[in-house]
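Inspection log for the structure reproduced underneath, given as structure tokens.
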Amino acid sequence: MYVKQLGRKYSGFKPDLTAQREGAAKLPEGETEQVFSTSEGPVVITTRDKLVFVAESFPLDTARQLTTLILDAQGTGDLRMAVGAPLAGDPLSGEDLAARPDSEGLRPLTADLSRFLSSCGVAKFAVDGALRVVR
């Protein structure tokens with residue numbers, strides 16, 4: 001779908017089969033690359049499994065380096081939530097789910113921020129301010 005729109009986005013759009021063949025020999029298994037030339041520079045579309053990376057208007061070598069850096073940096077496997085250990089002497093509020101420790105005695109890293117924001121009374125402050133402006 002993306003390739004079909006590139007012709008509308010760039011003038012001089014056409015496949016660069018020579019660059020595509022040269023790059024194909026260096027690609028890891030399971031990765032495919034499409035290279036197109038445009039009036040504004042090459043467009044490289046790389047797919048690896050479910051990941052897709054598009055580099056537009058970079059020099060070809062730079063586009064390939066960016067592709068490798070970005071795709072190699074993507075995590076795989078199950079998503080996990082980062083948690084921090086509870087602080088000593090810091091009682092957790094009763095029904096504050098963000099601050100409640102899990103079964104291992106840990107709580108989400110955002111627990112302190114969630115508890116802080118809920119104790120600020122921001123909504124009441126905004127209402128009081130709006131009432132003063134109206135009066």
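The values are calculated or read from the model by the stated rules, or taken from the named source; none is laboratory data. All values reported here derive from a predicted model rather than from experimental measurement. FYI the Cβ positions are ideal-geometry reconstructions off the backbone, even for glycines, and counts take in every protein chain you see. Heavy atoms of the whole protein, side chains included, go into the accessibility calculation; ligands, DNA and RNA do not. Shrake-Rupley method; radii C 1.70, N 1.55, O 1.52, S 1.80 Å.
Can you run phi through the Karplus equation (6.51, -1.76, 1.60; θ = phi - 60°) for region 56-73 and list ³J(HN,Hα) in whole Hz, with x for Gly and Pro?
Each residue of region 56-73 in turn: 10, 6, 8, x, 3, 4, 5, 4, 5, 5, 4, 4, 4, 4, 5, 5, 5, 7 Hz.
May I ask for the net charge around E33, where only other residues with Cβ less than 11 Å from the Cβ of E33 are counted and Lys, Arg are +1 while Asp, Glu are -1?
Values: positive: R21, K26, R48, R64; negative: D16, E22, E31.
My count for the surroundings of E33 gives +1.
Run the dipole for region 9-65 about the Cα centre, Lys and Arg Cβ at +1, Asp and Glu Cβ at -1, nothing else charged, and hand back the magnitude in debye, nearest 20. Don't skip to the end; give the middle numbers.
On the way: 7 positive and 9 negative charges, 20 e Å.
For region 9-65, the charge dipole is close to 100 debye.
Enumerate the calculated ³J(HN,Hα) couplings along region 13-29 in order (Karplus 6.51 cos²θ - 1.76 cosθ + 1.60, θ = phi - 60°), each rounded to whole Hz, writing x wherever the residue is Gly or Pro.
With the stated coefficients, region 13-29 comes to 6, 7, x, 10, 5, 5, 5, 5, 5, 4, x, 4, 5, 9, 6, x, 4 Hz.
Could you sort K50, K4, K9 by accessible area so the largest value comes first, with the probe set to 1.4 Å? Could you put the intermediate results ahead of the total?
Details: K50 195, K4 165, K9 115 Å².
Largest to smallest exposure gives the sequence K50, K4, K9.
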